[in-house]
Amino acid sequence: MTQNGRVILGMQGVTKIYGSGDAATRALDNINFDARAGEVVVIMGPSGAGKTTFLTIAGALLRPTSGTVTVSGLNITEMGEKNLPEVRRDRIGFIFQSFNLLDSLTSLENVTLVMTPDRSRGKAGVNRARELLDMLGLSHRVKSLPKNLSGGEKQRVAIGRALANNPDLILADEPTANLDSKRGREVMLLLRQIAYEMDKSVVIVSHDHRIREVASRIVWLEDGTFRSDVETARDPVCNRVIEVVGAPQTEHIGVLFYFCGEQCQRIFAENPTKFAEAG
Amino acid sequence: MLIVARKNLFSERTRLAISVGGIALAVFLIGVLLSLYRGWENKVGGFVEDSNVDVWIANEGAKDFLAAASLLPYDPSLGVDPCQQQIQAALQDPNRRSQAQKFPVQDIRECRPLIVRQMEGLKVEIQSGGEEKILKKMNLQFVGYDAGTQLGGPLRIVEGSTDAPKDNEVVVDEALGKRYGVQVGDTLKAGGRDWNVIAKSGGGDFVAAQTVFVSLDAAADALGFNDAKKTTFYVIRLKDGIDAKAFADGVDIPGVHALDRSAFASNTKDRILSNVLPILAVVLLLAFIVGLSVAGLTIYTATVEKSREYGILKAVGFRNSYLYRAVLEQSIVTGFLGFVIGIGLMLIIGPFAADVVPQFVIFTRWQDVLAVAGATLVMAGVAAYIPVRRLASIDPVAVFKA
Ligand SMILES: Nc1ncnc2c1ncn2[C@@H]1O[C@H](COP(=O)(O)OP(=O)(O)OP(=O)(O)O)[C@@H](O)[C@H]1O
Ligand SMILES: [Mg+2]
């Protein structure tokens, strides 16, 4: 892995405030962040920490209240609204929790659709989409509609779409949350492969502890700021990564377990042996 | 067509069928009504337009062929020719006297009286006991014309004798044959007399009434016009090269109108169609609204249903203009399909219906088809307008939610 790769996503002093006056929410508070080519950065944090806000700002879908965002060296905070769609299409690949494929298009069409006109022109675009789907192990699924694909297959098509225009930056929001552990693992390994072998910068927002396995770096976002001194644990019930401090906890046969909330704690209490062993 | 537009449109067959059906129905209705209007206009105006009469002289207040109020002085003892003498005689009438009386007789080739009267006609059957049984009642436009000049007579004979009718002979419009089964050789009762049908003519169908032609004398006799020294109109054929409109404008006789052929024809059309026109306009508007609503609603719901997908497209870098185009294309293709089906139905059903219902006279002009196409395009455009506005408000950030 190339720790010294070029900076693909850069944020300096980014603040995002939703609303104003009494109702104002400071979702991101003066954050600085770099993601380089060839690395997988995983952003974790409790609900409401600002993760989605971070991702949509990085994805040129939302403007920060203040601060600077660069993507592949382009300062997107300075760009006019008119030019942002092009940045999203050409320089960023999005992967969503709920896949977000177009239902009436086949796998192949979902991938070719997003290609810039000069890429998709004629047979070249279709060939490229086929190659991508091949690489993702979907050569037998090119003509299938999303409704006939498994969750893992859908997410792989979505990855194909994210790669269609060969962007430097891949942004993924909870890419494994809707997948079982086997498919989730496949997708994670794919994302790592994309970062390492294709030299892309992959930024993943996730609660999933398994994703640590593929991370070059994990950062903890809480109350709109990154914290480096966070001790984390895995909730044995929902498998979320959580901060130890302030989390509900239960002792079971001499081991301390931490939970994302009281609900998981209650579920654990009903059958502690099952969850303790699974961990 | 954009792939998104094509797939969205054709993946929902039922909805497509509903929106195309809605537009097709509207197109069909609008097309039929327009054609029906043109058909009536043609029929009603056709007789005057195609007749050999250049200028019509009528009583003040009577400006068209169907006006029952025209009654002009005419003295049969003076003979039919020269007609200007008759009109001069009319001028002697003290009630009509005036300082400025102009009648450019030098431009006239022929001028004759023409008797026209609306009346009921009966087709009867003689029972074995000698009693008459009424088989059919019909509305007639009863015309008495001068056989010598044929002015105001039948446009063309389609069946039977080509001689002008004499005594108790009558030439009936072929529409009477189609509608009431009146045939050559039948007897027709009208104006208290029995008339022998000797021929059928064409072009005298006014939809609400049909023309029958008898000789001037017979008509005057039957209606008592000879004793009253009256006629309905004077009809004039001008010398070659004389402009009918200029001639008519030059006539200045108090109490009398002179109208050239096209003015008289359009007045005749107006009498029938001016009553129909507002109704027609309302029905056309309703049909338009029905088509628009069905298409608008289906396209709107389709857009709302797919709003997440449009949000995805925005998120991955498509411009709003791409989305607008996708919706507009769906709308326009829907409109096009509806138009083709609607016009197709009209062309298939129209002639068929005309055979069954005699009043159903349709005449389809390409200008009207073009107008319907324009209306369809407007329908499609307006139907896409509200969905397109909704597209603009879709927030792509929403697609990050599970
Ligand atoms: N459009 C908005 N208007 C107002 N407040 C918002 C808006 N979007 C997010 N927020 C607030 O900003 C904060 C950060 O939200 P964000 O969605 O970024 O958190 P998150 O880390 O993605 O949470 P989760 O893990 O639940 O998805 C929250 O307090 C949220 O309520
Ligand atoms: Mg979120």
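The values are calculated or read from the model by the stated rules, or taken from the named source; none is laboratory data. Everything numeric here is computed off the predicted structure, so don't read it as measured data. Every residue, glycine among them, receives a Cβ derived from its backbone with ideal geometry; neighbour counts consider all protein chains shown. For accessibility, only protein heavy atoms count, side chains too; no ligands or nucleic acids. Shrake-Rupley method; radii C 1.70, N 1.55, O 1.52, S 1.80 Å.
Restricting the range A:161-206 to residues that are assigned to a helix (DSSP H, G or I) and hydroxyl-bearing (Ser, Thr, Tyr), the residue that is farthest from ligand 2 (Cβ to nearest atom) is A:Tyr196.
Figure legend. Inter-residue proximity from the range B:303-316: first residues more than 8 Å from chain A (Cβ to nearest Cβ), second residues open to solvent by less than 10 Å² (accessible area, probe 1.4 Å), beta-carbon distance below 6 Å, spacing 6+ or different chains. Indicated pairs: B:Thr303/B:Val327; B:Thr303/B:Pro387; B:Tyr310/B:Leu323; B:Tyr310/B:Leu391; B:Gly311/B:Val399.
Scanning for something touching a residue at least 24 places away in the same chain (Cβ under 8 Å), buried (at least 19 other Cβ atoms within 10 Å of the Cβ) and closer than 23 Å to B:Asn8 by Cα, does the range A:115-132 turn up at least one residue? Working first, answer last.
Step one: of the range A:115-132, the residues touching a residue at least 24 places away in the same chain (Cβ under 8 Å) are A:115-116, A:119, A:128-129, A:132.
With buried (at least 19 other Cβ atoms within 10 Å of the Cβ) added as a condition, the list becomes A:115, A:128-129, A:132.
Those still in the list that are closer than 23 Å to B:Asn8 by Cα too: A:115, A:129.
Within the range A:115-132, one or more residues are touching a residue at least 24 places away in the same chain (Cβ under 8 Å), buried (at least 19 other Cβ atoms within 10 Å of the Cβ) and closer than 23 Å to B:Asn8 by Cα.
Scanning the range A:245-274 for residues that are farther than 19 Å from A:Pro46 by Cα and touching a residue at least 24 places away in the same chain (Cβ under 8 Å) yields a total of 3. Scanning the range A:75-92 for residues that are among the charged types (D, E, K, R) and not in a helix (DSSP H, G or I) yields one hit, A:Glu78.
Is it true that some residue in the range B:237-245 is open to solvent by less than 20 Å² (accessible area, probe 1.4 Å), of a type outside the set (Val, Ile, Thr), within 15 Å of B:Gln106 (Cβ to Cβ) and under 29 Å from the mean Cα position of the chain (by Cα)? Explain how you work it out, then say what you get.
To start, the set of residues in the range B:237-245 that are open to solvent by less than 20 Å² (accessible area, probe 1.4 Å) comprises B:238.
After this cut, where a residue has to be of a type outside the set (Val, Ile, Thr) as well, the list is B:238.
Imposing the further condition that a residue be within 15 Å of B:Gln106 (Cβ to Cβ) reduces the set to B:238.
Filter again for under 29 Å from the mean Cα position of the chain (by Cα), leaving B:238.
Taking every residue of the range B:237-245 in turn, at least one turns out to be open to solvent by less than 20 Å² (accessible area, probe 1.4 Å), of a type outside the set (Val, Ile, Thr), within 15 Å of B:Gln106 (Cβ to Cβ) and under 29 Å from the mean Cα position of the chain (by Cα).
Exactly one residue out of A:Asp199, A:Asp208 is touching a residue at least 24 places away in the same chain (Cβ under 8 Å) and either within 14 Å of the chain's Cα centre (by Cα) or open to solvent by less than 10 Å² (accessible area, probe 1.4 Å) (or both), and it is A:Asp208.
Residues in the range B:136-155 that are touching a residue at least 24 places away in the same chain (Cβ under 8 Å) and in contact with a helix residue (DSSP H, G or I) (Cβ under 9 Å, 6 or more places away or on another chain): B:Lys136, B:Met138, B:Leu140, B:Gln141, B:Phe142, B:Val143, B:Gly144, B:Tyr145, B:Asp146, B:Ala147, B:Leu155.
Do the conditions hold for A:Glu86, that is, is it more than 16 Å from ligand 1 (Cβ to nearest atom), closer than 30 Å to B:Lys306 by Cβ, free of Cβ contacts under 8 Å to residues at least 24 places away in the same chain and surrounded by fewer than 20 Cβ atoms within 10 Å (Cβ to Cβ)? In short, yes.
Residue-by-condition table, conditions (1) hydrophobic (A, V, I, L, M, F, W, C); (2) in a helix (DSSP H, G or I); (3) not assigned by TED's automatic domain parsing to the domain that holds B:Ala69:
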| position | (1), (2), (3) |
| --- | --- |
| B:Pro254 | no, no, yes |
| B:Ala287 | yes, yes, yes |
| B:Ser293 | no, yes, yes |
| B:Ala302 | yes, yes, yes |
| B:Leu337 | yes, yes, yes |
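Evaluation of B:Ala398 against the conditions (1) away from chain A (no Cβ under 14 Å); (2) in contact (Cβ under 8 Å) with a residue 24 or more places away in the chain; (3) out of contact with any Leu (no Cβ under 8 Å at 6 or more places or on another chain) shows that the sole unmet condition is (1). Flag: B:Thr334 matches the condition of being surrounded by 15 or more Cβ atoms within 10 Å (Cβ to Cβ), more than 17 Å from the chain's Cα centre (by Cα), polar (S, T, N, Q) and under 21 Å from B:Glu12 (Cα atoms).
Looking only at the range A:18-57, which residues are assigned to a strand (DSSP E or B) and in contact with a Pro (Cβ under 9 Å, 6 or more places away or on another chain)? Before the answer, list the steps.
So in the range A:18-57, the residues assigned to a strand (DSSP E or B) come out as A:18, A:25-36, A:40-44.
Answer for the range A:18-57, where residues must be assigned to a strand (DSSP E or B) and in contact with a Pro (Cβ under 9 Å, 6 or more places away or on another chain): just A:Leu28.
For every residue, the table says whether it meets (1) in contact with a Leu (Cβ under 6 Å, 6 or more places away or on another chain); (2) among the hydroxyl-bearing types (Ser, Thr, Tyr); (3) away from ligand 2 (no atom under 16 Å from the Cβ); (4) more than 13 Å from chain B (Cβ to nearest Cβ).
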residue	(1), (2), (3), (4)
A:Pro64	no, no, yes, yes
A:Gly67	no, no, yes, yes
A:Thr70	no, yes, yes, yes
A:Pro85	no, no, yes, no
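Between B:Ala354, B:Ala326, the distinction of being touching a helix residue (DSSP H, G or I) at 6+ places or on another chain (Cβ under 9 Å) and more than 14 Å from chain A (Cβ to nearest Cβ) belongs to B:Ala354 only.
When A:Asp29, A:Asp34, A:Asp22 are screened for being within 12 Å of ligand 1 (Cβ to nearest atom) and of a type in the set (Asp, Glu), only A:Asp29 passes. Here the range A:42-61 is the region considered, the condition is being within 16 Å of ligand 2 (Cβ to nearest atom) and aliphatic (A, V, I, L, M), and the residue that is nearest to the other protein chains (Cβ to nearest Cβ) is A:Leu61.
Tell me, yes or no, whether the range A:38-48 has at least one residue that is among the acidic types (Asp, Glu), more than 16 Å from ligand 1 (Cβ to nearest atom) and surrounded by fewer than 19 Cβ atoms within 10 Å (Cβ to Cβ). Please lay out each step first, then the result.
Applying the first criterion (among the acidic types (Asp, Glu)) to the range A:38-48 yields A:39.
From the residues that got through so far, the ones that are more than 16 Å from ligand 1 (Cβ to nearest atom) too are A:39.
Okay, now just the ones that are also surrounded by fewer than 19 Cβ atoms within 10 Å (Cβ to Cβ), so none.
Within the range A:38-48, not a single residue is among the acidic types (Asp, Glu), more than 16 Å from ligand 1 (Cβ to nearest atom) and surrounded by fewer than 19 Cβ atoms within 10 Å (Cβ to Cβ).
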